[in-house]
Amino acid sequence: MDTDRRLDQAMQLFWRKGYFATSVKDLAASAGLNRAAIYADFGSKKKLFEALLGRYRAQITAQRLAPLQVEDAGLAQIEQFFRQFRNLGARGENRLGCLMCLTSAEVSPHVPSVARIVTSYLDELGRLFRRALINARERGEIRPRTDAARMANYLTGAVLGLMALVRSPAPRAAITHYLDGVLSLLHNLQPT
């Protein structure tokens, strides 16, 4: 098994079980990463996890953030960003939510180095929302009095809430209704 595949399997294991519930023994059994390799290549389980968060951000969050990454992103791209989550919870593997969001609640309060990684992601998400909202306001897509910074904070929180809901045993309808609520709020920002 190649290294990339092993790292992807380790990332999936942390994503499914969480950081604290995943042991080095679990990583060896599931991903073929033995204790000696983890310590030789990464130095510790924590350092491996930090590397995997970087991998997750490069592979998964980069795709999810793509609609917001365009320089002239506006209201349509914010809506596109949220609509991509429409099918989360429809399939078993998608009930994992977001590894960054899971980590923000589970690990960040206890491990400062991980908190910095998660904070960097949340800051990026907030900046992208803010820029898209400013663009939308300047183009008249949303009301002129819309506070882009406050709304960006709300939308960042909505992502965290949505991902927690996806991970929870809540029925699929609850996920859909939550998402519909966020999209409705965005619609209500438009000038009348």
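Bear in mind these aren't lab numbers, they're just calculated from the coordinates by the rules spelled out. A quick note: this is a predicted structure, and the numbers were derived from the prediction, not measured. FYI the Cβ positions are ideal-geometry reconstructions off the backbone, even for glycines, and counts take in every protein chain you see.
Dividing the helix sum by the residues of the chain, where each DSSP H run of 4 or more adds -39500 (n - 2.57), gives a mean residue ellipticity at 222 nm of -21500 deg cm²/dmol.
The length gained on full extension between LEU96 and ALA21, counted as 0.36 nm times the residue separation minus their Cα-Cα distance, comes to 25.5 nm.
The HN-Hα couplings worked out from phi for the range 21-32 by the Karplus form 6.51 cos²θ - 1.76 cosθ + 1.60 (θ = phi - 60°) are 7, 9, 9, 4, 4, 4, 4, 5, 5, 8, 10, x Hz, whole numbers, x standing for Gly and Pro. The alpha carbon centroids of the range 138-192 and the range 43-60 are separated by 29 Å.
Partners of LYS17 within straight-line reach, counting aspartates and glutamates whose Cα lies under 18 Å from its Cα and excluding those fewer than 8 residues away in the same chain: ASP8, ASP26, GLU50, GLU93, GLU106. A Förster radius of 30 Å, combined with the Cβ-Cβ distance separating ALA174 from GLU106, puts the computed FRET efficiency at roughly 0.90. Rounded to the nearest 0.05, the FRET efficiency derived from the C-beta distance between SER30 and GLU124 at R0 = 22 Å is 0.15. Taking every alpha-carbon pair under 8 Å whose residues sit at least 6 apart, the range 36-192 reaches a relative contact order of 27 percent. Going from the fewest other Cβ atoms within 10 Å to the most, the residues GLU124, GLU50 appear in the order GLU124, GLU50.
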